[in-house]
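S.K.: Input: one structure, supplied below.
The values are calculated or read from the model by the stated rules, or taken from the named source; none is laboratory data. Worth saying up front: this structure is predicted, and the values here are computed from it rather than measured. Cβ placement follows ideal geometry from the backbone for every residue including glycine, while neighbour counts extend to all protein chains displayed. We work out accessible area using only protein heavy atoms, side chains counted, and drop any ligands, DNA or RNA first. Shrake-Rupley method; radii C 1.70, N 1.55, O 1.52, S 1.80 Å.
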Amino acid sequence: MKLTSEELKKLFSYVDGKLFWNVRPSKRIRVGDEAGSISIYGYRQVCISRKTYFTHRLIFMMFNGYLPKIVDHIDRDTSNNRIENLREVSAVQSSYNRGLQSNNTSGIKGVTWHRHYKKWQVQLHIDKKYKYFGSFVDKELAELVAIEASNKYHKEFSCYARQ
């Protein structure tokens, strides 16, 4: 079965970022039950015709009529699947909106400690290249520079845009 927005509207009702079954796909599931379960990645997922889909992607398709390659949660909260929190993005734009990586030691995106100079340096990934914004003795100043640069170059996709 080719999935369409019309087919999704037959299968599900959308209420405040959640999908509820309009049909009974199995004996364990009743009409009106919330669709899906939480995946190991933290996203809600649902199975349709033996194929698994992330719920946020299905909600995007229900409202927009197509399924983009990447759907981003604007507020980075994977449990917030309200349509106004979802947008189509490129891989680069999605990376701009990512939170801290697990190997980040400064606690600030774009800020690293330079051991040799004993200063905090700020650099961001922009247009597939790293752009250097300076070194600072003060970590708080480095953070302000990182936020300002991210908002300027990453625009609405900046992880700091909503702070």
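S.K.: Just how much of THR4 is accessible, in Å², when a 1.4 Å probe is used and the result is rounded to the nearest 10?
M.R.: THR4 has an accessible surface of roughly 50 Å² with all protein chains in place.
S.K.: If you don't mind, another one. Suppose the chain between ILE29 and ARG76 were pulled fully straight at 0.36 nm per residue; how much longer would it get relative to their current alpha carbon spacing?
M.R.: 14.0 nm
S.K.: Angle check, please: helix 139-154 long axis (alpha carbons) against the longest principal axis of the chain (alpha carbons), in degrees 0 to 90, nearest 10.
M.R.: That works out to roughly 50 degrees.
S.K.: With +1 on each Lys and Arg Cβ and -1 on each Asp and Glu Cβ, how big is the dipole of the chain about its Cα centre, in debye rounded to the nearest 20?
M.R.: My answer is approximately 620 debye.
S.K.: Also, I was wondering about something else. Which one, LEU141, ILE70, PHE157, is farthest towards the positive end of the dipole of the chain when Lys and Arg carry +1 and Asp and Glu -1 on their Cβ?
M.R.: Result: ILE70, furthest along the dipole toward the positive end.
S.K.: In nm, what is the difference between 0.36 nm times the number of residues separating TYR117 and ARG98 and their Cα-Cα distance?
M.R.: 4.0 nm
S.K.: In a shell of Cβ-Cβ distance under 11 Å around ARG98, excluding ARG98 itself, what net charge do Lys and Arg (+1) and Asp and Glu (-1) give?
M.R.: +1
S.K.: Pick out, from SER37, VAL92, GLN121, the residue whose Cα sits farthest towards the positive end of the charge dipole of the chain, with +1 on the Cβ of Lys and Arg and -1 on the Cβ of Asp and Glu.
M.R.: Projecting each Cα onto the dipole axis, the largest value belongs to SER37.
S.K.: Now for a different question. May I ask for the net charge around LEU67, where only other residues with Cβ less than 15 Å from the Cβ of LEU67 are counted and Lys, Arg are +1 while Asp, Glu are -1?
M.R.: Neighbour charge sum, excluding LEU67 itself: +2.
S.K.: Work out, in µm²/s and without decimals, the Stokes-Einstein translational diffusion coefficient of the stretch 1-143 at 10 °C, 1.306 mPa s, Rh from Kirkwood over C-alpha pairs.
M.R.: Rounded to a whole number, D works out at 89 µm²/s.
S.K.: Considering only ARG30, ARG82, ARG50, give the residue with the highest GNM mean-square fluctuation for the chain, with springs between Cα atoms whenever their separation is below 10 Å.
M.R.: Comparing ARG30, ARG82, ARG50 in the GNM, the peak value goes to ARG50.
S.K.: For the chain, set up a GNM with springs between Cα atoms under 10 Å and report which of GLN123, GLN93, GLN101 has the largest fluctuation.
M.R.: Residue with maximal mean-square fluctuation among GLN123, GLN93, GLN101: GLN101.
S.K.: If you don't mind, there's one more thing I want to ask. Choose one answer from HIS73, HIS114, HIS125: the residue with the largest mean-square fluctuation in a GNM of the chain with alpha-carbon springs under 10 Å.
M.R.: Looking only at HIS73, HIS114, HIS125, the biggest GNM fluctuation is shown by HIS114.
S.K.: Out of the total accessible area of the chain (probe 1.4 Å, heavy atoms of protein only), what percent is carbon and sulfur?
M.R.: Taking all protein chains in place, the chain shows 50 percent carbon and sulfur surface.
S.K.: How far, in degrees from 0 to 90, does helix 55-64 lean away from the longest principal axis of the Cα atoms of the chain, to the nearest 10?
M.R.: Orientation of helix 55-64: about 80 degrees from the principal axis.
S.K.: SER49 to TYR132: extension gain in nm, 0.36 nm per residue of separation minus the Cα-Cα distance?
M.R.: That pair, SER49 and TYR132, stretches by 25.0 nm at full extension.
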